[in-house]
1. Scan the stretch 207-222 and give yes if some residue there is surrounded by 15 or more Cβ atoms within 10 Å (Cβ to Cβ), in contact with a Pro (Cβ under 6 Å, 6 or more places away or on another chain) and either closer than 30 Å to H92 by Cα or of a type outside the set (G, A, S) (or both), otherwise no.
2. Among the strands (runs of 3 or more DSSP E) confined wholly to the stretch 94-198, which include 3 or more residues that are closer than 25 Å to S233 by Cα and either assigned by the TED database to the domain that holds Y217 or within 23 Å of the chain's Cα centre (by Cα) (or both)?
3. What is the residue count in the stretch 168-187 for residues that are surrounded by fewer than 11 Cβ atoms within 10 Å (Cβ to Cβ) and out of contact with any strand residue (DSSP E or B) (no Cβ under 9 Å at 6 or more places or on another chain)?
Amino acid sequence: MEGLLRIGHKSLKFVQNFVRSKAVLCFLVLLFAFYVFYCTPVVLFEPKGVGYTIINSTLNTTQRKHLSLFGAIHVELDKPKTPHVWLLLGAHRDTENVTFACYSTNRNGDVCKTVVGISPIYPAPMQCLWNIYRAKCDVVDDMTEFRIADGGVDAEFRGEKIPYRIPDKTHRHVVVCQSRFFMYDKWQILFTILELYRFYGVDLIAVYVESIIAEAYNILKAYQERGFIAIHSAVKYENFVRFGA
């Protein structure tokens, strides 16, 4: 009887090890498949032909001719540092060597003209066609008007007048920038997320609202009154300033 129990125990242990080994093998196969299809930058089924090449080249060339302005932030600094405006822009991930002119004026009639280039804030993710860029424009003291134009400094004040914001200089430990709210209706999840952020020590959440149900917006307003949320209007695509050759 003891011999049968011993044999049964060994058989059960063999089956358990086999099942465990099979699970590990399946995990390794799935991990390898994920690496091949997601992490390796190889196009397995790329359409061939002259037509595809011409269309793809034309689309990329057209997209690289445009920058989309997301926002401008005016930073006043103590002397001898020069005040400046930071521009946040969207552009094709392969955009290079793009320059444009910045113009600033004040009530005294002082004018500052500079030509600036753009640089990416971070490397574009593999799955993204566009990326976020920034540009730094030196401006006059006590600036009252700011413009940008596609061209050199000789292009006298043509282009777009750009509204700008003043940075919030309040010292905070952790600030969260929330993704844009578009047709947002999950007020229960919103409330839970906000409380989790508070629990883990977040000082301020910047939210960008395009469309949201009234109940969820009322929750945001209540937290804003307590200084925990800053509500901003989301970027409207039709209001982008586009320029480029």
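The values are calculated or read from the model by the stated rules, or taken from the named source; none is laboratory data. Worth saying up front: this structure is predicted, and the values here are computed from it rather than measured. All Cβ positions, glycine included, derive from the backbone under ideal geometry; neighbour counts span all protein chains shown.
1. No, there is no match, as no residue in the stretch 207-222 is surrounded by 15 or more Cβ atoms within 10 Å (Cβ to Cβ), in contact with a Pro (Cβ under 6 Å, 6 or more places away or on another chain) and either closer than 30 Å to H92 by Cα or of a type outside the set (G, A, S) (or both).
2. So the answer is 130-138, 175-177.
3. The number of residues fulfilling the criteria is 3.
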